[in-house]
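Every number in this text was worked out from the coordinates using simple rules, so none of it is lab data. The shown structure was predicted, so the numbers you read here are calculated from the model rather than taken from an experiment. Don't worry about glycine lacking a Cβ; one is built from the backbone with ideal geometry, like all the others, and counts go over all protein chains shown.
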Amino acid sequence: MTMLCLGEHHAFEAADQRYLYLVPSAAVFALDAPAGALIDALGDQPVDRAELIARVSPEFPAMDLDALLTELEQIHAVRPAAEPVPEMPAIIPLTPVESFPLTTAVLNVTNQCNLSCGYCYEYSEDKIVDTTNGAQPKFMTDETARKSIDLLFRESGEVEVVHVSFFGGETLMNYPVLSRAVPYAKAQAEAHGKRVEFNLTTNATLLTTKMIEFLAQEDISVTVSVDGPRDMQNRFRVFHDGSGSYDVMLPRVRELLQRHRSRPIGARVTLTSQVNDILGIYQHLTEEIGFQEVGFAPVTTSPGRDHALDGSGFDQMVTQFKALADEFLRAALAGQHHGFSNVSETLGEIHKGVSKAYPCGAGLGLIGVATGGDVALCHRFAGSDEHNLGSVTEGLDREAQQAFLERNHIAHKTDCHTCWARPLCSGGCYHEAHTRYGTTTHPNLHYCDWIREWTDICLRIYGEIAERSPRFLNRFDS
Ligand code: SF4
Ligand code: SF4
């Protein structure tokens, strides 16, 4: 007698088709009628294999249900009830971290900013690093930028394409150093037989025609931090004297969009309790200004701050995300572009069957470099002694990296072990967790409902597209 039970999964429907999202393999599986009947007959209680087939066979007499059941077992949709639930991926000890190549270095070229956004994690009460009175220099030097690039190439192993991201503070306040770092990185790429790609994040208020020419000529991806129409932008994104930045930002962004066409220029919006009209913001940024991609992220903050999103704020956010995601779906089925990048990023991960042991690349393939050259998990931790992973002079502290990766593995986040969304979430952003709970090791339990609802929306969209316009998904193959 072999007792069988259902494997860990999330069931959903799309385009009149039943699907299972299989948690152990992070695969999406379309159920045909016989497979659906076997799953239904299994229900919540273990059933003997022969009994299970006997229950379903009258409905599908011509079907080889034994072979179908074996297939369902192979993909872990069905599993032997006697076996314990599969453990989290084997982890400790990890593969020696020396063999993890670096792919991305985020250079915080300055920790200064010409704006004074009320919610900024770098300057607000939630800041991790004291960039005003602390030991960090205000601006990165040419030498530190070059050493950061050297470290990236030295630690990039067999990786063929590496990424250099410029971040701040306001990145363009140190334009001279970043503009000299680009040709240096290109020369290093050539010397190492690799390719290098660049990304720059900016509030756009300091952009000049000369800078725009440079960004276009060097083929640098640009993400503009912007919050939408004038009233939304000016709510938080203000200069030090309190005046709004919309009218300064707008003409510069228009020029950027007009001149720099080799890469999509993205907008990144921070959602707060007061800036939350997602549909209006999206429409303004795409149709009225001309951004090709718009991504939204809820503000990172301690609970209780005025701008923090509470439960109803997250509910409102998911309702609007769904409406915008439906727009994305309609565009995809019509073969048209839609720039809601939160959907396209999640669809890409679903398509590739991503199953994360860590929420992101921070401290794994990605590092953040502080203005003085200290290496940390990512740009948001740059300069934090508690999250230090070495320096561009001394090199990567592989021991600290190993310890961080062991401590922060999903296997230690027991709250996440029964969550079907964990292959894509894996506990969520370390910086968010540190701000909320004081440690990177804590899963972001305050937004689980939102994450699961959002993942379900994206799975349904994926299923609809897979059924009705599968060629659209080819873009996620690479
Ligand atoms: S943080 Fe929440 S949503 Fe994310 S994997 Fe853990 S339990 Fe699931
Ligand atoms: S820790 Fe958070 S901010 Fe840093 S790279 Fe990961 S997701 Fe991004």
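Quick notes on this one:
- Under the span-like rule (Cα at least 20 Å along the axis, Kyte-Doolittle mean at least -0.5), DSSP H helices of the chain: 175-192, 311-333, 448-468
- Per-selection metrics, the stretch 373-457 (Cα): Rg and Dmax in Å: 14.5, 46
- Long-range HN-HN contacts of CYS117 with modeled amide H, under 5 Å: VAL238
- Qualifying lysines (Cα of each under 29 Å from Cα of LYS194; at least 8 residues distant if same chain): LYS147, LYS186, LYS210, LYS352, LYS356
- Paramagnetic label zone (point 7 Å from Cα along Cα-to-C-beta, HIS240; backbone N under 19 Å) in the stretch 179-222: 203-207
- Sequence-distant contacts, meaning Cα pairs under 8 Å at least 6 residues apart, place the relative contact order of the chain at 16 percent.
- Counting only the Cα atoms, the stretch 167-286 fills a convex hull of 114 Å³ per residue.
- Pair ASP326, ASP44: separation of 7 Å Cα→Cβ label points (nm): 3.2 nm
- Antiparallel %, DSSP beta bridges [both residues in the chain], to 5: 45 percent
- Using the Cβ of ALA325 as centre and a radius below 13 Å, the other residues enclosed give a net charge of -3, where K and R count +1 and D and E count -1.
- Computed about the Cα centre, the dipole magnitude for the chain is approximately 1300 debye when only Lys and Arg (+1) and Asp and Glu (-1) carry charge, each at its Cβ.
- Rounded to the nearest 20 debye, the dipole magnitude of the stretch 222-373 is 520 debye, with +1 charges on Lys and Arg beta carbons, -1 on Asp and Glu beta carbons, and the Cα centre as origin.
- Bridgeable aspartates and glutamates around LYS138 (alpha carbons under 15 Å apart, same-chain partners fewer than 8 residues away excluded): GLU122, ASP130, GLU170, ASP374.
- DSSP-loop GluC sites (Glu not before Pro) across the stretch 345-446, with at most 11 other Cβ within 10 angstrom: GLU394
- Unit charges at the beta carbon, dipole of the chain: most positive-side option, HIS9, ALA382, CYS448: ALA382
- Equivalent ellipsoid semi-axes - Cα gyration tensor, the chain, angstrom: 42, 26, 21
- Remark: the stretch 300-357 carries a charge dipole of roughly 200 debye about the Cα centre, counting +1 on each Lys and Arg Cβ and -1 on each Asp and Glu Cβ.
- Each peptide in 441-451, 372-382 was scored by the mean count of other Cβ atoms within 10 Å over its residues; highest first, the order is 372-382, 441-451.
- Lys/Arg +1, Asp/Glu -1 at C-beta; the chain dipole; positive extreme among GLY339, GLY368, SER245: SER245
- Placing unit charges on the Cβ atoms of the charged side chains and taking the dipole of the chain about its Cα centre, the candidate lying farthest along the positive direction among ALA403, SER312, THR223 is THR223.
- Convex hull of the stretch 276-409 built on C-alpha atoms - directionally averaged projected area, nm²: 11.3 nm²
- Prolate/oblate/rounded call for the stretch 3-86, Cα gyration tensor, a/c under 1.5 rounded: oblate
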